[in-house]
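Engineer: Structure incoming, see below.
The values are calculated or read from the model by the stated rules, or taken from the named source; none is laboratory data. In this text, all values refer to a predicted model and were calculated from it rather than measured experimentally. Cβ placement follows ideal geometry from the backbone for every residue including glycine, while neighbour counts extend to all protein chains displayed.
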Amino acid sequence: MRITSQRSPRALVPGLAAVALSVVLVGCSAGNEGGSTDSGAEETGLSGTIAGAGASSQEAAQGAWQSGFLDANPDVTVNYDPIGSSGGREQFIDGGVAFAGSDAYMDDEELTAATERCSGEDPIEVPAYVSPIAVIFNLEGVDELQLDPETITGIFEGDITTWDDPAIAATNDGVDLPDTAITPVHRGDDSGTTENFTEYLAAAGGWSEEPSDVWPIQGGEAATGTSGVVEAVGGGDGTIGYADASQAGDLSAATVQVGDEFVAPSPEAAAEIINASPRVEGREANSMAVDIDRETEEAGVYPVVLASYMIACPTYEDADEAALVKAYLSYVVSPEGQEAAAETAGSAPLSDDVSSEATEIVDQIS
């Protein structure tokens, strides 16, 4: 999560011109005036426009949050450009957007830059979206696969090249595996999903590269955005990729070995590992960043997850902008906002304790 030097008004980057495509505007009926709506969002009486950018994994959830929030606040426009986590952090640091969505917490360099952008105050990092990363595949005649971490790593490193490889067969007794060539699909753009996935490969599977938000090796097929990976995997035979489980659609997803069992990518299993993971050391009180325990062997826990954050400043020079960011993020981390995202995007709602802490942090925005 990042922030930059001196806040100076800047025109929004050209990519934000397309943001209108992701804007959701829902009118508030007369019967809803003066209270809350069915979405649980509170009417604020605010008006104006704010823009955010970042993780494409949040795209479906952002649609649900916008719909619920704007239903209660018809005079507010919220734009979100799903350009990827890295791009969102960069635009936030550069002052191009009021908030960012990111599938990875900010590194030290970004924190320094973000603190400068936020007039010397440490930026807010609160979890907003927790979801399993599914290992999706498309293999004619095969709908279910069990894969251990080392085999997943071998596939994406290019060491395992056909589907009938002994390493795959070893965990899939009775499955008729064809000799089809494996085509691994990875993100071609900077991606928090890639960073989380390579963190898992490094921790649990012996990945030879450093975890990164940029795919670090040659080979395979590259695709842009979560939707691009899903489309590429779905359009081939023998393809395998990684994507936010909520956007995997009808594609098959492997179960992943955790201890002595194989665990499917479900919101419930993803939520378990978030609650069990330690906070990042050295962060200020307004950061809720966690170091995910990728090597867990606890039953029922799915370790290939992304914890996606909302990044904002504690203070904004423009009071109207501050009020809009505060109101919108308050809805996002609320139980109502989390339930809306769960129903629409299949994410794991924050626990009550995590939601309450995030709300207290967001309430500091002024």
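Engineer: Within 22 Å of LEU46 (Cβ to Cβ) and at pLDDT below 95: is that true of ASP75 in this structure?
Structural biologist: no
Engineer: Output the residues belonging to the stretch 320-344 that are within 18 Å of the chain's Cα centre (by Cα) and buried (at least 24 other Cβ atoms within 10 Å of the Cβ).
Structural biologist: Of everything in the stretch 320-344, those that are within 18 Å of the chain's Cα centre (by Cα) and buried (at least 24 other Cβ atoms within 10 Å of the Cβ) turn out to be TYR328, LEU329, TYR331, VAL332, VAL333, GLY337, GLN338, ALA340, ALA341.
Engineer: Report yes if some residue within the stretch 242-253 is under 16 Å from SER131 (Cα atoms), touching a Phe, Trp or Tyr at 6+ places or on another chain (Cβ under 6 Å) and in contact (Cβ under 8 Å) with a residue 40 or more places away in the chain; otherwise report no.
Structural biologist: Yes, because at least one residue in the stretch 242-253 is under 16 Å from SER131 (Cα atoms), touching a Phe, Trp or Tyr at 6+ places or on another chain (Cβ under 6 Å) and in contact (Cβ under 8 Å) with a residue 40 or more places away in the chain.
Engineer: Related question: Is the stretch 296-317 home to any residue that is closer than 20 Å to ILE152 by Cβ and of a type in the set (D, E, K, R)?
Structural biologist: Scanning the stretch 296-317 turns up at least one residue that is closer than 20 Å to ILE152 by Cβ and of a type in the set (D, E, K, R).
Engineer: Tell me yes or no: at least one residue of the stretch 196-209 is surrounded by fewer than 18 Cβ atoms within 10 Å (Cβ to Cβ), more than 29 Å from the chain's Cα centre (by Cα) and of a type in the set (D, E, K, R).
Structural biologist: No; the residues of the stretch 196-209 include none that is surrounded by fewer than 18 Cβ atoms within 10 Å (Cβ to Cβ), more than 29 Å from the chain's Cα centre (by Cα) and of a type in the set (D, E, K, R).
Engineer: For the stretch 279-366, please list each of the helices (runs of 4 or more DSSP H) lying entirely inside it that holds at least 2 residues being at pLDDT below 95.
Structural biologist: Qualifying helices (runs of 4 or more DSSP H): 335-345, 352-362.
Engineer: Turning to a different aspect of this structure: Using the structure shown, decide if ALA299 is loosely packed, with under 14 Cβ neighbours inside 10 Å and assigned by TED's automatic domain parsing to the domain that holds ALA53.
Structural biologist: Spelling it out, it is not the case that ALA299 is loosely packed, with under 14 Cβ neighbours inside 10 Å and assigned by TED's automatic domain parsing to the domain that holds ALA53.
Engineer: If you check TRP215 against the conditions, is it assigned to a loop (DSSP other than H, G, I, E, B), out of contact with any His (no Cβ under 7 Å at 6 or more places or on another chain) and crowded, with 19+ Cβ neighbours inside 10 Å?
Structural biologist: No, not satisfied.
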